[in-house]
Amino acid sequence: MNEFLSQYAYLIVPIIKIAILVLVVLTVDAYLTWLERKVIAHIQARWGPHRVGPHGLLQPLADGLKFIFKEDPMPANVDKVAYVLAPFITFLLAFTSLAVIPFGPQTFTIWGYQTTVGIADVNISLLVLFAITALGVYGIALAGWGSNSKYSLLGGLRSSAQMISYELSLTLSVVGVLLIASDFSLRKIVEQQGTSGNGLLSWNIFPQIIGFTCFFISAIAETNRVPFDLPEAESELVAGFHTEYASMKFAMFFIAEYTSMIAVSCLATILFFGGWLSPFPASWTFTFYLPSVILIPFGLWVIFDGIRYENIFGRILLPGIGTILTLLGAALLLFPQVNGIVQGPFWFFAKVFIFLFVYIWMRGTLPRFRYDQLMSFGWKFLLPVSIANVILTSAVILWRTRQ
Amino acid sequence: MTPSILIFFVLAALAVIGAVSLILQRHPIHSALSLIVVMVALAGLYLLLGAEFVAAVQIIVYGGAIMVLFIFVIMLLNDGEEERTNFSKLATFGGIPLAVAIAGLIAAAIAHSTGDLPAATANGSLTSSKTLSMLIFTDFVYPFELTSFLILIAILGAIVLAQREN
């Protein structure tokens, strides 16, 4: 058995990693919808979902079951190939983009096979990500065209035009980071930001503040989120490109949207905010205990809040979750080795979570662009600014090397 | 059979099937989709040869930008299925013998080749993006800039054509 494992470890280990990542991301997607509904509800002074489970915590499960058991009709006169293929393309590409993202610094060996935290450690990972984003348009364009409905077609057309326009400034805005790191590998880009040991001060966000602004705006446009969600503007186009989709096919578009949100947040974290690096200088050793310092009080708060919940199910479930969180925090205090491994992923996911929260926050705050405004903003403002950023960065780098 | 040869045959088959389907499909969007399959399969073949940068650029430029424009224009025109016409006389009497001749030529070349074909030079001289860009911006800088001028002229031409006549 062991011989078999070590012989085929190069196949088995990635498959296990992919399975874990897909399960985790699907769960995170589900609870992202819950978080989004809760946060927007509180922004608008509502309660949000609160019927299914305590604080609506089982709502994603109910939604998932409903999607699976719904009827999946195919409208008449659709282009069958395009109609069926479109959600699969979108779903597949959204998950593929997570494959090249490194989540932590460690390399470890399983059954004699050396591997990293993350699925694949490619030396052109940034280009691979852009290649996948470039293909992402097809899913939406095909859905819009294949549905044989005018709302879908208009949504698909808008979306393709938008993605072509903003892909340019998305790609150009990271050129500054590439010039600083002089490498295409996301791992190298993160490591380069940590070389000085000054923590937060050596991140790319400070020299590349213009680049980050362009990147973030174009990234929101690429993921079709508010204020750039014109492809699915419900007041004009019903639901845009996915008007004719139901059941799991609709759910696949939905999951893909949230997954690409996660992928873009990971990319922003890696390129501009130091990835898994701690924001504090390397000399501040007490920040080592920060994961426990956050987990234990949060867990205790969940316990004490949960005891007073209105029904018996909540009084059992919420303190249960709180106890698990508190025990996790205590375990990290007791086992410093485990705590050391957790540090990288902790900072990485904390930063990604902040970006996801900003996404939701913007949806609750900003109105939608008008279509001509969207186009002229992309071509006449964002593109020139990101080109200027490339010229400025290369000029500064040239000036520094000449000195 | 090593895994890389297996992957080669899968990708090569995908590319050939995509190319044949590109010609046989009756709907322009289906043809464009087949072309995307060809482009992505070619990128996979480049990756197999160790040219990662070229593979990524193949997908970004051909698979992404150019084919998206194709699909976009076809969608915008909302063109229907094309009608099958009889082959022209030139195609029947000139094309088929020519195709047979070329196929025979290739077959003869493969049959006469002795021993193993020389391996592709994946020795790292052209594969790294750094060496590639060094070559483009030092040794081949004039051809490179001339190509960009060519593209600029094409863009200007498109603008002139698209401009409404006053």
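Taken together, the values in this text are just the output of simple stated rules run on the coordinates, not laboratory data. Every value quoted in this text rests on a predicted model; they were computed, and no experiment measured them. Cβ atoms come from the backbone with ideal geometry, glycine included; neighbour counts cover every protein chain shown.
Evaluate peptide B:46-59: per residue, the Cβ atoms of other protein chains within 10 Å of its Cβ; return the mean as an integer.
Working: counts 0, 3, 0, 0, 0, 0, 6, 4, 0, 4, 12, 4, 1, 7.
For this peptide, the per-residue mean of nearby foreign Cβ atoms is 3.
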Task: Sorted by Cβ density within 10 Å, fewest first, the residues A:273, A:103, B:137, A:288 - done: B:137, A:288, A:103, A:273
- [ ] Could you tally up the Lys pairs in chain A with alpha carbons closer than 23 Å? Skip any pair fewer than 8 positions apart unless they're on separate chains.
- [x] 11
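Hey, with R₀ at 30 Å, roughly what FRET efficiency would residue B:113 and residue B:83 work out to, going by the Cβ-Cβ distance, to 0.05?
Values: r = 43 Å, r/R0 = 1.44.
E(calc), rounded to 0.05, equals 0.10.
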- [ ] Give me A:158, A:315, A:51 ranked fewest to most by other Cβ atoms within 10 Å of their Cβ, as a rough exposure proxy.
- [x] A:51, A:315, A:158
Task: Sequence-distant residues sharing a close amide H with residue A:110 (under 5 Å, placed H) - done: A:115
- [ ] Could I have the simple spin-label model distance between residue A:293 and residue A:334, label points 7 Å from Cα toward Cβ, reported in nm to one decimal?
- [x] 2.2 nm
Open item on the list: Explain nothing, just compute: Karplus ³J(HN,Hα) = 6.51 cos²θ - 1.76 cosθ + 1.60, θ = phi - 60°, for every residue of the range A:309-325 in order, whole Hz, x for Gly and Pro.
Closed with: 5, 6, 10, 5, 4, x, 5, 8, 5, 5, x, x, 4, x, 4, 4, 4
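So if we plug the beta-carbon distance of residue A:312 and residue A:74 into 1/(1 + (r/R0)^6) with R0 = 41 Å, what FRET efficiency do we get, rounded to 0.05?
Working: r = 45 Å, r/R0 = 1.09.
Calculated transfer efficiency: 0.40.
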- [ ] Classify chain A as rounded, prolate or oblate from the Cα gyration tensor: take a ≥ b ≥ c as the square roots of its eigenvalues, call it rounded if a/c is under 1.5, otherwise prolate when a/b beats b/c and oblate if not.
- [x] rounded
Open item on the list: Amide H of residue A:118 versus every other amide H placed in the peptide plane: which residues, excluding those fewer than 5 positions away on the same chain, fall under 5 Å?
Closed with: A:103
Open item on the list: Let me confirm one metric for peptide A:126-138, namely the mean number of other chain beta-carbon atoms within 10 Å of its residues' beta-carbons.
Closed with: 6
Task: the range A:326-364 and the range A:36-77: distance between their alpha carbon centers, rounded to Å - done: 26 Å
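Over the whole of B:29-41, what's the average partner chain Cβ count within 10 Å per residue? Rounded to a whole number, please. Numbers along the way, then the final one.
Numbers: counts 7, 3, 0, 1, 5, 0, 0, 2, 0, 0, 1, 2, 0.
Whole-number average of other-chain Cβ neighbours for B:29-41 is 2.
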Open item on the list: Using a 7 Å offset from Cα along Cα-Cβ at residue A:58, what residues in the range A:290-327 end up with backbone N under 14 Å from the label point?
Closed with: A:311-318
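For a quick check: sort A:310, A:236 by the number of other beta carbons within 10 angstrom, fewest at the front. Working shown, then result.
Numbers: A:310 9, A:236 14.
Ordered from fewest to most neighbouring Cβ atoms within 10 Å, A:310, A:236 come out as A:310, A:236.
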TODO: Determine, from the Cβ-Cβ distance of residue A:402 and residue B:131 and an R0 of 22 Å, the FRET efficiency 1/(1 + (r/R0)^6), rounded to the nearest 0.05.
DONE: 0.40
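Count the net charge of all other residues whose Cβ sits under 14 Å from the Cβ of residue A:115, scoring Lys and Arg as +1 and Asp and Glu as -1.
Details: positive: A:17, A:187; negative: A:121.
Around residue A:115, the surrounding residues sum to +1.
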- [ ] Can you give me the span-like helices of chain B, meaning DSSP H runs with 20 Å or more of Cα extent along the axis and Kyte-Doolittle mean at or above 1.0?
- [x] B:3-24, B:28-48, B:96-112, B:141-162
Task: Simple spin-label estimate for residue B:147 and residue A:327 in nanometres, 7 Å along Cα-Cβ - done: 6.2 nm
